[in-house]
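*Asks:* Before I ask anything, let me first share the structure, which is written out below as structure tokens.
The values are calculated or read from the model by the stated rules, or taken from the named source; none is laboratory data. Computed from a predicted structure; not experimentally measured. Using ideal geometry, Cβ is built from the backbone for each residue, glycine included, and neighbour counts are taken over all protein chains shown.
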Amino acid sequence: MTRYNPKEIEPKWQAAWEQSGIYKAEDQGEKPKWYSLIEFPYPSGAGLHTGHIRSNTALDIVSRKRRMQGFNVLYPIGWDAFGLPTENFAIKTGRPPQEVTKENTDTFRRQLKSLGYSFDWSREVDTTDPNYYKWTQWLFLQFFKEGLAYKDKININWCPKCKIGLANEEVEQGSCERCGGPVEAREKEQWILKMTEYADKLLDGLDGVDFLPEIKTQQRNWIGRSEGAEINFPLSPFSKGSTPQAGGISSIKVFTTRPDTIYGATFIALAPNHSAIGNWKLEIGNYPEVKVFIEKAKEEAEGQRNADKAGICLQGITALNPATGEEIPVWVVNYVLGDVGTGAIMAVPQHDERDREFAEKYNLPILDKPLASWEEVLEKTGGKKVVRYKLRDWVFSRQRYWGEPIPLVFCANCAKEPGENSKHEARNSKQIQNSKVQTENKYSDLNYGWVAVPDEQLPVELPRVEKYQPTDTGESPLAGITEWVNTACPSCGGPATRETDVMPNWAGSSWYFISYCIAENLKSQAPSIKQFTSPEFQNKLKYWLPIDWYNGGMEHSTRHLLYARFWMQFLHDQGLVPVAEPFAKRTAQGMVLAADGKKMSKSLGNVVNPDELVNEFGADAVRLYEMFMGPFDQAIAWAERGILGPWRFLEKVWNIGSRVHFLEERVETLPEVKRKLHQTIKKVSEDIEGLSMNTAVSTMMEFVNMAPGKISKADWQLLLRILAPFAPHITEELYQLLGNSKHEVLNSKGQSIHSQPWPEYDEALLVEEKFELVIQVNGKVRATVSAQKGISQAQAEEMAKPAVSKWLEEGEVKKIVFVADRLINFIVS
RNA sequence: GCUGAGGUGGUGGAAUGGCAGACACGCUAGCUUUAGGAGCUAGUGCCGCAAGGCGUGAGGGUUCAAGUCCCUCCCUCAGCACCA
């Protein structure tokens, strides 16, 4: 008998699987399809980390189980390789990011292969490959052509440290989610995708998908739909010293989700930065004090948020409650936010905690007025129903180098006479009206003169530059390459300039999951609507979509996951993809923390290196440990010696499985072992579906602990099969050792354990004949006795009494509780 | 502050209202001439020589029976955060 030596068997089987192509997915066939997906990794210079292994292994197990269950499985892999770390590395070392990326993906590929994942490597994609991003660019142009990409001068979130503009989704509590530094507002012209147009579809789509509830909650919060009304509160013409037309303004527009409470509205509260205040300099009697208050409130807002409520009454300005006709004062308060609603509220102390707190502090009236119907209020006040969203449009430009060039050209000549872009502008003007209602997002005229690069000129390739350093002026390094920037207008042929901003790193990941279905075609075909809608593309998309199970990190709930859904909703509307919701099911793994409970990081020196682990213990032990270490969805700290458990387990499996003659000597498995085997098959089958990988592994451990010398060769192979998805190498080796194939190189699909059917458990064998009857006196366990299942209460009493006579004699038996096949409880007093 | 999920040995963690601590790490003792993070056997929640008692964040309750259900409180994590 040889020792268990993963170093020898693992590379051997990895090569054999690759050669035989058993993990290659077919694009059609008799079998039902199954599409498993993990988030394709960002190939950082640090290499694969333990978190990747956790996610990849879990879905590898699911995928392998599905293959054994007879599915045609697609489990693909690729590289999300655009992004800042690579670019920053390039800046530091002066090496082209293309070269660095190649090195990093090579490392990742080697590491992933060393872990024995059943990826279909023939569909590998790389977002930085011009043959990939020509399609990313083409898809962006579909948004542009439909008027869903627009350029506007807006205040963006600018990270001065990264020298990059950020999307709302990339800002966490005023800080850059990447570097943690403070984010400032900066006015810039940006390309923006009109994600708000899809707010309702993104919301409604959640109803039909199987996402973790917390992911749905996060998305709903992020979209933040609220239905309410906008109501104008006119300025009072009656009030002394007040005018109905103060500073050219005759009313204050408020947004409320509770128009029905308007009878209780006893004052108007404005945000400190409400635009009307500046126009009332002359009318406001106490303007100097108001100004001081506003300055203070702005300072506070930058510091802590939960400052005590405070406000100041605008003397000389009085509004009318349009429902009651009563005069009410107008206050500026620190608890109303300028960027929410209209920046003005009708304060109803009776119904709103915050208004009440404020009213009590300043002795403002609290009116217990009756509620009205929405219809009545809207009619009476001339207000209108409004739906508002927290979701903002997606700022899509980045002033950096390492991203997809935005495939647009600016032509001053074409800007003069709109013609080419007429459809686009017609749509925009229609949306301008909608957007006023919805989000106040105005469209500028900045799209005039922007011309799409024609399909046949895609990709717009990222030119090699000498200097990757971003600039403080907020211009992309590409802006400095005049020979690239200056080009001919595709529309009129005149001189024109290219857009020099690039796309955010979320662009390539917004559609990569459909790219896997058509990976081969994407490479060879030039992007065009004809190609994309061809049967060649569409049949494959129809076959594979939606993704049956997508697993990834919780941190992507409001970024990648929202963006990807938005792209698919849009592409579905364009008739380009067969489903609107790409992910039928979404789960998330918990983080793998370092042994010290902190995040693994280079600077802390607490990173666990997968290469060293695989080298020391083998891929199977690493995979098994990461599944065994704790509940899948929970953050968990790496334990130095924890891997020894799974390692010893695999040694036990090896010791049983490699003594073939022993297994052959035992013709029949002992009954209790057989029962345990079938219980194990059931438990493992179910646990995989619920991602309860830790208990699946422990169940198999229990079984292997009782199996030595008691199991037949045939039954042993059932254990190997349910273990195979977890530990694919050792199980393949042991399976072949039992004489299932004479070849070390698999030359047909049937010879691998991974192509064997998933074992079914025998329901009849699960049932135990005996059980331990628990005997309690007054609810306390005093004895147990082995009994036949199905015994009656009388039989149980007879068996139990002698065992607990000592306690029964202490009093009189008042009551007996009997739970069949479980326990008997004597109540004595 | 609100919402959700949690709090179980020295550690990671198991437990359809029915023997709490499965499985694993660690530890203790013994065996084995034992290259190796070895292997094997026994033990390992706490107190107690034992009988037994006590034990799932704290306190109360329901129940023959509570880690599990209900109430109050404390703490941890996640999400939202003055969203009108």
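*Asks:* Residues that are touching a residue at least 40 places away in the same chain (Cβ under 8 Å), within 27 Å of the chain's Cα centre (by Cα) and within 24 Å of A:GLN634 (Cα to Cα): list the helices (runs of 4 or more DSSP H) wholly contained in region A:10-127 that include at least 1 such residues. Break it down stepwise before answering.
*Replies:* Values: elements: A:50-68, A:84-93, A:97-114.
Output list reads A:50-68, A:97-114.
*Asks:* Does A:THR93 count as hydroxyl-bearing (Ser, Thr, Tyr) and either buried (at least 21 other Cβ atoms within 10 Å of the Cβ) or at positive phi (or both)? Steps first, please.
*Replies:* Numbers: hydroxyl-bearing (Ser, Thr, Tyr): yes; either buried (at least 21 other Cβ atoms within 10 Å of the Cβ) or at positive phi (or both): no.
Judged against the criteria, A:THR93 is not a match.
*Asks:* Next question. Looking at region A:694-730, which of its residues are part of a helix (DSSP H, G or I), in contact with a Ser or Thr (Cβ under 7 Å, 6 or more places away or on another chain) and more than 16 Å from RNA strand B (Cβ to nearest atom)?
*Replies:* Residues satisfying the conditions are A:ASP715, A:LEU720.
*Asks:* Of the residues that make up region A:541-548, is at least one more than 18 Å from the chain's Cα centre (by Cα) and among the β-branched types (Val, Ile, Thr)?
*Replies:* The answer is no, given that none of the residues of region A:541-548 is more than 18 Å from the chain's Cα centre (by Cα) and among the β-branched types (Val, Ile, Thr).
*Asks:* Considering only strands (runs of 3 or more DSSP E) fully contained in region A:301-383, which possess at least 1 residues that are touching a residue at least 40 places away in the same chain (Cβ under 8 Å) and among the small types (Gly, Ala, Ser)? First the steps, then the outcome.
*Replies:* On the way: elements: A:311-320, A:327-333, A:344-347.
Result: A:311-320, A:344-347.
*Asks:* Tell me yes or no: at least one residue of region A:679-688 is modelled with pLDDT of 95 or more, farther than 25 Å from A:SER114 by Cβ, assigned to a helix (DSSP H, G or I) and more than 16 Å from RNA strand B (Cβ to nearest atom).
*Replies:* Scanning region A:679-688, I find at least one residue that is modelled with pLDDT of 95 or more, farther than 25 Å from A:SER114 by Cβ, assigned to a helix (DSSP H, G or I) and more than 16 Å from RNA strand B (Cβ to nearest atom), so the answer is yes.
*Asks:* Can you tell me which residues in region A:809-829 are out of contact with any strand residue (DSSP E or B) (no Cβ under 6 Å at 6 or more places or on another chain) and touching a residue at least 24 places away in the same chain (Cβ under 8 Å)?
*Replies:* If the condition is that a residue be out of contact with any strand residue (DSSP E or B) (no Cβ under 6 Å at 6 or more places or on another chain) and touching a residue at least 24 places away in the same chain (Cβ under 8 Å), then A:ALA820, A:ARG822 are the ones that fit.
*Asks:* Can you find, within region A:322-346, the residue that is farthest from A:ASN232 (Cα to Cα) among those that are more than 8 Å from RNA strand B (Cβ to nearest atom) and within 45 Å of the chain's Cα centre (by Cα)?
*Replies:* If we filter region A:322-346 for residues that are more than 8 Å from RNA strand B (Cβ to nearest atom), which is where we start, we get A:322-333.
Of the ones still in play, those that are also within 45 Å of the chain's Cα centre (by Cα) are A:330-333.
On the way: A:VAL330: 13, A:TRP331: 16, A:VAL332: 17, A:VAL333: 19 Å.
Among those that are more than 8 Å from RNA strand B (Cβ to nearest atom) and within 45 Å of the chain's Cα centre (by Cα), it is A:VAL333.
*Asks:* Another one. Only residues that are among the hydroxyl-bearing types (Ser, Thr, Tyr) and surrounded by 22 or more Cβ atoms within 10 Å (Cβ to Cβ): list them for region A:544-566, please. Spell out how you get there, then give the answer.
*Replies:* From region A:544-566, those among the hydroxyl-bearing types (Ser, Thr, Tyr) are A:550, A:557-558, A:563; that's our starting set.
Listed by number, the residues that qualify are A:TYR550, A:SER557, A:TYR563.
*Asks:* For region A:77-92, which residues satisfy the criterion of being at pLDDT 90 or above and either touching a strand residue (DSSP E or B) at 6+ places or on another chain (Cβ under 7 Å) or of a type in the set (S, T, N, Q) (or both)?
*Replies:* Listed by number, the residues that qualify are A:GLY78, A:TRP79, A:ALA81, A:THR86.
*Asks:* Within region A:608-662, can you find the residues that are more than 9 Å from RNA strand B (Cβ to nearest atom) and part of a loop (DSSP other than H, G, I, E, B)?
*Replies:* Within region A:608-662, A:VAL608, A:ASN609, A:GLY618, A:TRP638, A:SER658, A:ARG659 meet the criteria.
*Asks:* State whether one or more residues within region A:525-542 are within 16 Å of RNA strand B (Cβ to nearest atom), charged (D, E, K, R) and modelled with pLDDT under 95.
*Replies:* The answer is no; no qualifying residue exists.
*Asks:* Of all residues in region A:390-413, count the ones that are assigned to a loop (DSSP other than H, G, I, E, B) and among the hydrophobic types (A, V, I, L, M, F, W, C). Working first, answer last.
*Replies:* First, pick out the residues of region A:390-413 that are assigned to a loop (DSSP other than H, G, I, E, B): A:390-393, A:396-397, A:399-404, A:406-407, A:411.
Checking the rest, the ones that are also among the hydrophobic types (A, V, I, L, M, F, W, C) come to A:391, A:396, A:402, A:406, A:411.
Selection size over region A:390-413: 5.
*Asks:* Of the residues that sit in region A:663-678 and are without any contact (Cβ under 8 Å) to a residue 40 or more places away in the chain and surrounded by fewer than 18 Cβ atoms within 10 Å (Cβ to Cβ), which one is nearest to RNA strand B (Cβ to nearest atom)?
*Replies:* Per the criteria, the residue is A:GLU672.
*Asks:* With the requirement that a residue be out of contact with any His (no Cβ under 9 Å at 6 or more places or on another chain) and among the hydrophobic types (A, V, I, L, M, F, W, C), what does region A:344-368 give you?
*Replies:* Step one: list which residues in region A:344-368 are out of contact with any His (no Cβ under 9 Å at 6 or more places or on another chain), which gives A:345-368.
Those that are out of contact with any His (no Cβ under 9 Å at 6 or more places or on another chain) and among the hydrophobic types (A, V, I, L, M, F, W, C): A:ILE345, A:MET346, A:ALA347, A:VAL348, A:PHE358, A:ALA359, A:LEU364, A:ILE366, A:LEU367.
*Asks:* If we scan region A:213-226, do we find a residue that is within 16 Å of RNA strand B (Cβ to nearest atom), assigned to a strand (DSSP E or B), touching a residue at least 60 places away in the same chain (Cβ under 8 Å) and crowded, with 19+ Cβ neighbours inside 10 Å? It would help to see each step written out before you state the result.
*Replies:* To start, the set of residues in region A:213-226 that are within 16 Å of RNA strand B (Cβ to nearest atom) comprises A:213-226.
Going one step further and asking which of them are assigned to a strand (DSSP E or B), we end up with A:226.
From what's left, touching a residue at least 60 places away in the same chain (Cβ under 8 Å): A:226.
Subset that is crowded, with 19+ Cβ neighbours inside 10 Å: none.
Within region A:213-226, none of the residues are within 16 Å of RNA strand B (Cβ to nearest atom), assigned to a strand (DSSP E or B), touching a residue at least 60 places away in the same chain (Cβ under 8 Å) and crowded, with 19+ Cβ neighbours inside 10 Å.
*Asks:* Please enumerate the residues belonging to region A:268-300 that are within 41 Å of the chain's Cα centre (by Cα), assigned to a helix (DSSP H, G or I) and of a type in the set (A, V, I, L, M, F, W, C). Even if it seems obvious, please write down each step before you answer.
*Replies:* Looking only at region A:268-300, we keep the residues that are within 41 Å of the chain's Cα centre (by Cα), and these are A:268-276, A:294-300.
If we keep only those that are assigned to a helix (DSSP H, G or I) too, we end up with A:275-276, A:294-300.
If the condition is that a residue be within 41 Å of the chain's Cα centre (by Cα), assigned to a helix (DSSP H, G or I) and of a type in the set (A, V, I, L, M, F, W, C), then A:ALA276, A:ILE294, A:ALA297 are the ones that fit.
*Asks:* Residue check, A:LYS674 against (1) of a type in the set (Lys, Arg); (2) within 14 Å of A:PRO708 (Cβ to Cβ); (3) touching a helix residue (DSSP H, G or I) at 6+ places or on another chain (Cβ under 7 Å), all met but one. Which one?
*Replies:* Status for A:LYS674: all satisfied but (2).
*Asks:* Report whether or not A:LYS598 is outside any loop (DSSP other than H, G, I, E, B), surrounded by fewer than 18 Cβ atoms within 10 Å (Cβ to Cβ) and more than 10 Å from RNA strand B (Cβ to nearest atom).
*Replies:* Details: outside any loop (DSSP other than H, G, I, E, B): no; surrounded by fewer than 18 Cβ atoms within 10 Å (Cβ to Cβ): yes; more than 10 Å from RNA strand B (Cβ to nearest atom): yes.
No; evaluated as a whole, the condition is false for this residue.
*Asks:* To continue, here is another question. Out of curiosity, is A:TYR389 near RNA strand B (Cβ under 8 Å from one of its atoms), surrounded by 16 or more Cβ atoms within 10 Å (Cβ to Cβ) and aromatic (Phe, Trp, Tyr)? Let's see the steps before the verdict.
*Replies:* Details: near RNA strand B (Cβ under 8 Å from one of its atoms): no; surrounded by 16 or more Cβ atoms within 10 Å (Cβ to Cβ): yes; aromatic (Phe, Trp, Tyr): yes.
In short, no.
*Asks:* Turning to a different aspect of this structure: Spot the failing condition for A:LYS309; the list is (1) within 12 Å of RNA strand B (Cβ to nearest atom); (2) touching a Pro at 6+ places or on another chain (Cβ under 9 Å), and only one is missed.
*Replies:* (2)
*Asks:* Here's a check for you: in region A:511-526, which residue that is of a type in the set (A, V, I, L, M, F, W, C) and not in a helix (DSSP H, G or I) is farthest from A:ALA584 (Cα to Cα)? So that I can check it myself, show each step before the final result.
*Replies:* Initial filter on region A:511-526 (of a type in the set (A, V, I, L, M, F, W, C)): A:511, A:513-514, A:517-519, A:522, A:526.
Adding the requirement that they be not in a helix (DSSP H, G or I) leaves A:511, A:526.
Working: A:TRP511: 15, A:ALA526: 30 Å.
Filtering region A:511-526 for residues that are of a type in the set (A, V, I, L, M, F, W, C) and not in a helix (DSSP H, G or I), the one farthest from A:ALA584 (Cα to Cα) comes out as A:ALA526.
*Asks:* Can you confirm whether A:PHE358 is more than 12 Å from RNA strand B (Cβ to nearest atom), buried (at least 16 other Cβ atoms within 10 Å of the Cβ), more than 16 Å from A:ALA246 (Cα to Cα) and not acidic (Asp, Glu)?
*Replies:* Numbers: more than 12 Å from RNA strand B (Cβ to nearest atom): no; buried (at least 16 other Cβ atoms within 10 Å of the Cβ): yes; more than 16 Å from A:ALA246 (Cα to Cα): yes; not acidic (Asp, Glu): yes.
Against the criterion (more than 12 Å from RNA strand B (Cβ to nearest atom), buried (at least 16 other Cβ atoms within 10 Å of the Cβ), more than 16 Å from A:ALA246 (Cα to Cα) and not acidic (Asp, Glu)), A:PHE358 does not qualify.
*Asks:* Check A:GLU189, A:GLU177, A:GLU184 and return the single one that is surrounded by fewer than 19 Cβ atoms within 10 Å (Cβ to Cβ) and within 15 Å of RNA strand B (Cβ to nearest atom). Give the derivation first.
*Replies:* Details: A:GLU189 fails: within 15 Å of RNA strand B (Cβ to nearest atom); A:GLU184 fails: within 15 Å of RNA strand B (Cβ to nearest atom).
Selected residue: A:GLU177, the only one of A:GLU189, A:GLU177, A:GLU184 that is surrounded by fewer than 19 Cβ atoms within 10 Å (Cβ to Cβ) and within 15 Å of RNA strand B (Cβ to nearest atom).
*Asks:* Additional query: Can you find a residue in region A:567-579 that is part of a loop (DSSP other than H, G, I, E, B), touching a Pro at 6+ places or on another chain (Cβ under 7 Å), surrounded by 21 or more Cβ atoms within 10 Å (Cβ to Cβ) and not β-branched (Val, Ile, Thr)?
*Replies:* We begin by selecting, within region A:567-579, every residue part of a loop (DSSP other than H, G, I, E, B); these are A:574-579.
Subsequent filtering for residues that are touching a Pro at 6+ places or on another chain (Cβ under 7 Å) retains A:579.
Narrowing further to those that are surrounded by 21 or more Cβ atoms within 10 Å (Cβ to Cβ): none.
Within region A:567-579, none of the residues are part of a loop (DSSP other than H, G, I, E, B), touching a Pro at 6+ places or on another chain (Cβ under 7 Å), surrounded by 21 or more Cβ atoms within 10 Å (Cβ to Cβ) and not β-branched (Val, Ile, Thr).
*Asks:* Something else about it: Got a sec? Which of A:PHE140, A:PHE144 is crowded, with 17+ Cβ neighbours inside 10 Å and either under 24 Å from the mean Cα position of the chain (by Cα) or among the aliphatic types (A, V, I, L, M) (or both)? Let's see the steps before the verdict.
*Replies:* On the way: A:PHE144 fails: either under 24 Å from the mean Cα position of the chain (by Cα) or among the aliphatic types (A, V, I, L, M) (or both).
Going through A:PHE140, A:PHE144 in turn, the sole match is A:PHE140.
*Asks:* When both residues are 6+ apart or on different chains and their Cβ atoms are under 6 Å apart, which pairs have a first residue that lies in region A:691-717 and is over 21 Å from A:ARG64 (Cα atoms), and a second that is near RNA strand B (Cβ under 9 Å from one of its atoms)?
*Replies:* A:VAL704/A:LYS652
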